[in-house]
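Trainee: Sharing a structure, written as structure tokens. Questions coming.
The values are calculated or read from the model by the stated rules, or taken from the named source; none is laboratory data. Keep in mind the model is a prediction, meaning the values are calculated, not measured. Glycine gets a Cβ as well: all are built from the backbone with ideal geometry, and neighbour counts include every protein chain shown.
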Amino acid sequence: MPDWKELIRRRMQPPPVAQANEVIEELSTHLEETYNDLIDRGCAPQAAFERTLQEVDDWGVLCRRISRTRLRRNPMNYRTRRLWLLVAVTWLGASLSVMLLQPAGRLYPDLILFYLPWLATLPLACAAAAYLAQRADPTNDRIKRLWLSVTVTWLGAMLSLMVVDRADHPSLVLRRPIPVTFSLPWLATLILVGAAGAYLAQRADAPRKTRLVVATSPALLLGIVMLLLLPWRVTVDGYPWAFTFFALDVENCVVVPGLALLLGASPFLRQRSANSSLLPEDDANASMGPTALLG
Amino acid sequence: MTKRIRPQITRGSAELAILALLADQSLYGFEIAKQIGERTNGALTFTLASLYPLLYEMEKRGSVEGHWQSNHAGRDRRYYRLTPAGRKQLAPLRREWRAFFNALDALAGVSHA
């Protein structure tokens, strides 16, 4: 019986970079089973050996192909990376913008319920972004581009916010049916945040729906948090005030900011994704749709 | 004797074949190659060199997952099974291929060839 492991070790030079022993173990098992199968079917040992070796034309090519897949192996699937990484980044950005816009030493008492959910989710968002960044494949250029873009976008956004913070906040006041005040710099920042989120999602080749979710994720997540806090508000504010305040907050913190985010994202929502499937662009060759045959 | 299908088609259909096969049961590499060869009367064949890079690629994308398991003789083999994501890919893929062959049939009458 040939020593298939030794044969593979000698022929696969250099061995696959990651999990080499596991790969050699698996491939040697395959060769051994192929050989045994041929023997069982009446093949002479030498002929079986030679036919088994024909399983691989070029060991160098095989080694490179396997190395490539093992090197870029990622326990997180592409959809997770693309959607949740971007959601976390956009959410983090919107949270930072809210905190930075708040004038130093002052906290709007009527917006306390607004700030609390943001602040409460901030450590979570930071942890999620850090975790996802760590899990993301370090060799993936798309992720590198994404983080570089995020850094540049947020450096710019924070600088502009520092300038805005030193000036009086111009506000948009709607008096009917209930007086509501919107911070215009905040809304303007959210337009940029929405645009940045959608742009980055577009660069990551995300389909339109994903770009929309990423761009509006701060408003969507805030809406969910508010909904979760509703029972607590009912106990604090009592019925029916809790629902009135809830409706007001949804308008102030979900609907209007959501529209601002959407406005920013709109230029990046028009273009159809080149790759509407959930598969990454560089996996298109391995995609098995019949159109792959015609390319 | 069935003629060998051209390599491009083999490559394009390989992933569908693996997904379809693993939809029913977990299999290890040699079994996958053997069953595909047998069930297609040799029209689709996998060598070690064509099978494993594809399996690893599918594993990386999350369509299949591999796990080591010993058989009754104590032999370790790496079995592959379909993930929920892989299972989800299978139905639309089947539809896509069916539509493709229907279109080709309408155009070239391949089913009567």
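Trainee: Determine if segment B:26-43 includes at least one residue that is among the small types (Gly, Ala, Ser), under 27 Å from B:Arg95 (Cβ atoms) and touching a strand residue (DSSP E or B) at 6+ places or on another chain (Cβ under 6 Å). Spell out the reasoning first.
Mentor: Taking segment B:26-43 and keeping what is among the small types (Gly, Ala, Ser), we get B:26, B:29, B:33, B:37, B:42-43.
Then drop every residue that is not under 27 Å from B:Arg95 (Cβ atoms), which leaves B:26, B:33, B:37, B:42-43.
Now restrict to residues that are touching a strand residue (DSSP E or B) at 6+ places or on another chain (Cβ under 6 Å): B:26.
Yes, segment B:26-43 has at least one match.
Trainee: Name, by its number, the condition in (1) at pLDDT 85 or above; (2) facing chain A (nearest Cβ under 10 Å); (3) assigned to a helix (DSSP H, G or I) that does not hold for B:Ala91.
Mentor: If we test B:Ala91 against (1) at pLDDT 85 or above; (2) facing chain A (nearest Cβ under 10 Å); (3) assigned to a helix (DSSP H, G or I), just (2) comes out false.
Trainee: Here's something else I'd like to know. Considering only segment A:1-23, state which residues are within 11 Å of chain B (Cβ to nearest Cβ) and either under 20 Å from B:Arg75 (Cα atoms) or modelled with pLDDT of 85 or more (or both).
Mentor: From segment A:1-23, those within 11 Å of chain B (Cβ to nearest Cβ) are A:4, A:8, A:16, A:18-19, A:22-23; that's our starting set.
Passing the criteria: A:Trp4, A:Ile8, A:Gln19, A:Glu22, A:Val23.
Trainee: Here's another thing I want to ask about it. Where in segment A:180-295 are there helices (runs of 4 or more DSSP H), lying fully within it, with 3 or more residues that are more than 30 Å from B:Ala99 (Cα to Cα), within 14 Å of chain B (Cβ to nearest Cβ) and at pLDDT 80 or above?
Mentor: Working: elements: A:184-203, A:208-237, A:241-249, A:256-265, A:291-294.
Correct list: empty, since no element meets the threshold.
Trainee: Continuing with this model, one more query. Going by what's in this entry, would B:Gly37 be described as within 12 Å of chain A (Cβ to nearest Cβ), of a type outside the set (A, V, I, L, M, F, W, C) and more than 12 Å from the chain's Cα centre (by Cα)?
Mentor: no
Trainee: Hey, can you tell me all the residues within segment B:68-84 that are within 13 Å of B:Leu22 (Cα to Cα), surrounded by 12 or more Cβ atoms within 10 Å (Cβ to Cβ) and within 11 Å of another protein chain (Cβ to nearest Cβ)?
Mentor: Going residue by residue through segment B:68-84, those that are within 13 Å of B:Leu22 (Cα to Cα) are B:79-84.
Applying the additional criterion that residues be surrounded by 12 or more Cβ atoms within 10 Å (Cβ to Cβ) yields B:79-83.
Within segment B:68-84, B:Tyr79, B:Tyr80, B:Thr83 meet the criteria.
Trainee: What helices (runs of 4 or more DSSP H) lie completely within segment A:1-61 and have 1 or more residues being more than 24 Å from B:Leu54 (Cα to Cα)?
Mentor: On the way: elements: A:4-11, A:20-40, A:45-53.
So the answer is A:20-40, A:45-53.
Here is a yes/no grid of residues against (1) in contact with a His (Cβ under 9 Å, 6 or more places away or on another chain); (2) more than 20 Å from A:Thr52 (Cβ to Cβ); (3) within 11 Å of chain A (Cβ to nearest Cβ); (4) buried (at least 17 other Cβ atoms within 10 Å of the Cβ):
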position	(1), (2), (3), (4)
B:Leu22	no, yes, no, yes
B:Phe30	yes, no, yes, yes
B:Ser50	no, no, yes, yes
B:Arg61	no, yes, yes, yes
B:Gly86	no, yes, yes, yes
B:Ala108	no, yes, no, no
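Trainee: How many residues are surrounded by 15 or more Cβ atoms within 10 Å (Cβ to Cβ) and free of Cβ contacts under 8 Å to residues at least 12 places away in the same chain if we restrict to segment B:97-106? Walk me through how you get there before you give the answer.
Mentor: Taking segment B:97-106 first, the residues surrounded by 15 or more Cβ atoms within 10 Å (Cβ to Cβ) are B:97, B:100.
Pick out the ones that are also free of Cβ contacts under 8 Å to residues at least 12 places away in the same chain and you get B:100.
Of the residues in that region, 1 qualify.
Trainee: Would you point out which residue out of B:Gly42, B:Gly66, B:Gly62 is touching a Phe, Trp or Tyr at 6+ places or on another chain (Cβ under 6 Å) and free of Cβ contacts under 8 Å to residues at least 60 places away in the same chain? Break it down into steps so the answer makes sense when it comes.
Mentor: Numbers: B:Gly42 fails: touching a Phe, Trp or Tyr at 6+ places or on another chain (Cβ under 6 Å); B:Gly62 fails: touching a Phe, Trp or Tyr at 6+ places or on another chain (Cβ under 6 Å).
When all the criteria are applied, what remains is B:Gly66.
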